[in-house]
Amino acid sequence: MSGGSSDVRVFVRVRPTPLFAQDIVGLDEDSKTIDIHLPRDEKLGVVNNKTYDWSFKVDGILHNVSQAAVYDAVAKTVVTRGLQGYNGTIMCYGQTGAGKTHTITGATENYKNRGVIPRALQQVFKEMGEQSDRAVTARISYLEIYNEALFDLLTPLPDPLPPGPPMTIVDEPQGVSVRGLSLHHAADEEHALNLLFEGETNRIIGSHTLNKSSSRSHCIFTIHLESHSRTLSNAKYTVSKINLVDLAGSERLGKTGSEGQVLKEATYINKSLSFLEQTIIALADRRDHVPFRQSKLTHALKDSIGGSCITVLVANIYGEAAQLDETLSTLRFATRMRRIPAASVVVERYDPVRMCKNLQREIEHLRQELAVHDTLSRRPPSSYEPFTDVQMAEIRAQVGRYLDGTLDEIDIVNLRQIQEVFSQFRTILQTPPPKDSAFEDFKAERGGELNRIFKENKSTLAEQRRKLKEVTQRINLIKKEMDTTTQNLHLAKLEREKQGEYISEEGQVIIDEQEFGLICRLKDLKKQYRADYDQLQDLKAEVQYCQKLVDQCRRRLLTEFEVWYNESFVIPEDVQNSVKVSSPLRPSMIPVHKLLSLGEDDQERCEKLQQELLMQPPGSLPFNNARIKTDRKHNYTRAQAQLTPTKKRAGAITSSVKNKPPSMLMAG
C-alpha cells in the first residue's frame with residue numbers, strides 16, 4: 001500500500017478478546033503492518049485463484065494499550081494544532097461491538113477509562129490556561145444523525161415538541177455548518193464535560209447480538225475554538241473546530257439476524273456507511289466529483305475529511321476468526337482513507353473592530369507626520385475635514401472659469417482638492433449617452449422587472465394569437481364540410497323525390513341509410529361549429545385583453561425609461577434636490593426645459609452670491625443660506641404654477657378581468 005499524507009493518519013485498535021485468532025491475524029507493531037492469512041482450502045485443487053493473504057500498512061497499531069496511550073497516539077497532536085488554528089477530525093470506524101464508542105467516549109463513570117472526548121476537553125482547557133498571549137473561547141455542539149434525520153443532543157426536548165424548522169446542512173463560504181444546531185459556550189472543563197454527559201444521555205442506543213448497548217446513530221461532538229491575541233493592535237485571529245466522530249457500527253444483516261426497528265436502523269446505518277466509503281474512494285482517487293451530498297453523514301463531514309483538515313481514523317477491529325469478513329472490510333476502508341490528499345492550513349480571520357481602531361491610529365500617526373513635513377517645508381497645514389459649501393462653490397467657480405478660458409491654471413493645494421476638482425470637471429462635462437444604448441442598459445438593470453413582465457405578456461399574446469388562428473382554421477374547415485354535406489343532402493333528397501318516396505304507416509317519409517348518415521353528420525358538424533365558435537369568441541376576448549396589457553407595459557416601460565434617463569443624465573442633481581425639498585412630485589414630471597432654465601437661474605444666482613460671501617464675514621453665512629433656500633422655493637412655486645396638475649397616480653395598472661395568470665398582471 002502506498003503511503004499517505006502526513007495530515008491523514010490511520011490507526012488500528014484491536015478489541016481485547018480471549019478468542020484472538022493469532023494464526024490468522026498477524027500484528028507487527030514495529031513495521032505498523034497487519035497481515036491476514038487464511039489456511040488454503042485444499043478442496044479447490046492446485047489451480048486456485050482465491051486470495052488467502054492480505055497485508056495492510058497503517059500509521060500505528062493499538063493492541064492491549066490503555067486509554068491514555070490511545071489518546072497520546074491519536075488525539076494529542078490534533079488538539080494542540082487545533083488550538084493553533086488548524087481544523088481537526090478524529091473518527092472511529094468499525095463493526096458493531098468493536099470498541100468505537102469506548103475509544104471516542106470511554107466509560108463516563110470511570111475517570112481512568114475515559115475516552116478521547118473527555119481527555120481532549122481536559123487538554124483544551126489546560127493549554128488555554130497556559131497561553132498568556134492568547135484569549136481562547138471554546139464552544140460545544142453535539143449532533144446526532146439517526147435514520148437520516150438530524151438531532152441536537154444538547155437541546156432539551158419539551159413535551160409536546162413544538163413545531164419548528166428542521167435542522168439542515170448548508171454549504172457556506174467558511175465551510176459546512178448545520179443550521180439550527182445549538183452552540184454552547186464552555187467556560188471551563190467541568191462545564192464542557194457536563195455538556196458531553198448531557199448529550200450522551202440523549203443518544204439512541206439499542207440491544208444487539210454483539211453489544212448490549214450498541215450505538216444506533218452517528219454522532220459528531222465538535223469543539224469550536226476562537227483564539228484572539230491579547231495585543232489589541234493585532235486584528236488577526238484564528239477559528240478552528242475539532243470534530244470527534246463516533247460512527248455507528250457496520251454489520252451484516254444476515255449474520256446478526258436483526259428484525260423490526262433494529263433492522264430498519266441497520267439498513268440506514270449500512271447505507272450511510274456505504275456512501276461514506278464511496279466518498280473516501282473518490283477523494284483517494286482525486287476525482288473531479290466527490291458525492292458528499294449522497295447522505296447527511298457525508299455532507300456534514302464534507303470539510304472534515306482531508307483537504308485542509310487534519311484527519312485521524314481509528315479503525316476498530318474484532319480479532320476473532322468469526323469476525324474476519326468485517327475485519328477485512330474495516331482494514332480496506334482504513335487503507336483507502338490513508339490515501340486521501342490533505343494539507344492543513346491555519347484558518348485566519350480579521351476582527352473588524354480592531355482593524356478600524358488600528359487604521360484610525362495609523363491615520364492619526366500619518367497626519368502628525370505630514371504636519372511635521374509641512375512645518376519643515378514652511379507650507380500651510382493640510383486640512384482633513386470635509387469641504388464647506390463655500391469651499392465647494394469656490395472650486396466649482398474655478399473649474400468654470402478654467403473651462404471658459406478666463407483662468408489659466410488652478411492652484412493645487414492637497415489631494416482632497418484635486419479629487420473635488422476632477423469631480424466638478426466630470427459634473428460639468430458629463431454628456432448623456434445615446435438613448436438607444438441607454439435603453440438597453442435600462443432594460444437590463446433598473447427596468448429589468450418591468451421588461452420581464454413585458455416579455456411575458458408578449459409571449460402570452462403570441463400564444464393566444466396562435467390558438468386563435470388554429471380555431472379559425474378549424475371553423476373554416478368545418479364550415480366548408482357543412483356546405484358540402486348540405487349540398488349532398490339536397491341532391492339525395494332530389495334523387496329520392498325523383499324515384500318516388502315511400503311513406504310509413506305513421507305517415508313519415510322513409511329515407512335510405514346514406515341520406516340518414518348525411519343528416520347525422522350535418523348535425524354533428526353544426527354542434528362542433530357552435531362549440532368552436534364559442535371558443536373563438538373567448539379567444540378573441542383573451543387576445544384583446546393581452547394586447548391591452550402589452551400596450552400598457554410598453555407605455556410604462558418607455559415612460560419609466562424617460563424618467564430614469566432625465567434624472568440620470570439630463571437634470572442636474574442640485575436642481576433635482578431643490579425640487580424635492582417642497583414637492584411630492586418627481587423632478588422628471590416637470591418639463592425638462594423648465595427645470596433646466598430654473599436650474600440655470602438658481603445656479604447663476606447661487607454662484608454670484610457665494611462669490612460675494614467670500615468677501616463678507618463668516619457670520620453672514622446662515623442668513624444668506626436661508627435667503628438662497630427661500631429664492632429656490634419661490635422659483636419652484638412659479639414653475640409649478642405653470643403646470644396642469646394631475647391626480648392620476650403613475651404606474652398603477654389594474655384589471656377587472658378575473659382568473660388571469662399572474663404573469664399577465666402589471667407590476668406596480
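The values are calculated or read from the model by the stated rules, or taken from the named source; none is laboratory data. Predicted model, so just to flag it, every value in this text is computed and none were measured. Positions of Cβ are generated from backbone atoms using ideal geometry, with glycine treated the same way; all protein chains shown enter the neighbour counts. With ligands, DNA and RNA removed, areas are computed over all heavy atoms of the protein, side chains included. Shrake-Rupley method; radii C 1.70, N 1.55, O 1.52, S 1.80 Å.
Here the simple spin-label model places points 7 Å from the Cα toward Cβ, and for LYS523 and LEU366 these points are separated by 9.7 nm.
The trypsin sites (Lys or Arg not before Pro) of segment 49-122 that meet both conditions, a loop assignment by DSSP and at most 12 other Cβ atoms within 10 Å of the site Cβ, are LYS50, LYS112. Gyration tensor analysis over the Cα atoms of segment 350-434 returns equivalent ellipsoid semi-axes of 32, 21, 10 Å (largest first, whole Å). Each eigenvalue of the Cα gyration tensor of segment 271-347, multiplied by 5 and square-rooted, gives one semi-axis; in descending order these are 24, 15, 11 Å. Per-residue surface analysis assigns PHE425 an accessible area of about 50 Å², computed on protein heavy atoms at 1.4 Å probe radius. Each residue of segment 408-415 was assigned a 3J(HN,Hα) from its phi angle through the Karplus curve 6.51 cos²θ - 1.76 cosθ + 1.60 (θ = phi - 60°); the sequence is 6, 8, 10, 5, 8, 9, 7, 5 Hz, with glycine and proline shown as x.
With all protein chains in place and ligands, DNA and RNA left out, the 1.4 Å accessible area ranks LEU403, LEU183 as LEU183, LEU403, largest first. Gain on full extension, evaluated as 0.36 nm per residue between LEU429 and GLN544 minus their Cα-Cα distance, stands at 36.6 nm.
In this structure the amide hydrogen of ILE310, modeled in the peptide plane, comes within under 5 Å of the amide hydrogens of ASN87, GLY88, THR89, none closer than 5 places in sequence on its chain. For LYS479 and HIS289, what is the calculated FRET efficiency with R₀ set at 60 Å and r taken between the beta-carbons, to the nearest 0.05? The computed FRET efficiency comes out at 0.45.
Residue-wise HN-Hα couplings along segment 443-452, as the Karplus relation 6.51 cos²θ - 1.76 cosθ + 1.60 with θ = phi - 60° gives them from phi, are 5, 7, 10, 4, x, x, 5, 5, 5, 5 Hz; Gly and Pro carry x. With the highest mean first, a sort of the peptides 314-327, 169-182 on other beta-carbon atoms found within 10 angstrom per residue produces 314-327, 169-182.
The phi-based Karplus calculation (6.51 cos²θ - 1.76 cosθ + 1.60; θ = phi - 60°) puts the 3J(HN,Hα) values of segment 140-155 at 10, 9, 9, 10, 10, 10, 10, 6, 6, 10, 9, 9, 9, 6, 9, 10 Hz, whole numbers, x for Gly and Pro. Counting only residues at least eight positions apart within a chain, or on another chain, the aspartates and glutamates with an alpha carbon under 17 Å from that of LYS548 are GLU456, GLU463, ASP538.
Leaving ligands, DNA and RNA out of it, work out the accessible area of MET91 with a 1.4 Å probe and give it in Å² to the nearest 10. Approximately 0 Å² for this residue.
Close amide-amide hydrogen proximity is noted between GLU320 and ALA21, each under 5 Å apart and 5 or more residues distant or on a separate chain (H modeled in the peptide plane; Pro and chain starts excluded).
The relative contact order of segment 284-380, computed from alpha carbon pairs under 8 Å that lie at least 6 residues apart in sequence, is 28 percent. Evaluate E = 1/(1 + (r/R0)^6) for THR388 and ASP436, where r is the Cβ-Cβ distance and R0 equals 41 Å; express this FRET efficiency to the nearest 0.05. My answer for the efficiency is 0.45.
Projected label points at GLU562 and ASP35, each 7 Å from Cα along the beta carbon direction, are separated by 9.4 nanometres. For segment 391-453, applying the loop criterion from DSSP together with a ceiling of 16 other beta carbons within 10 Å to the GluC sites (Glu not before Pro) yields GLU409, GLU445.
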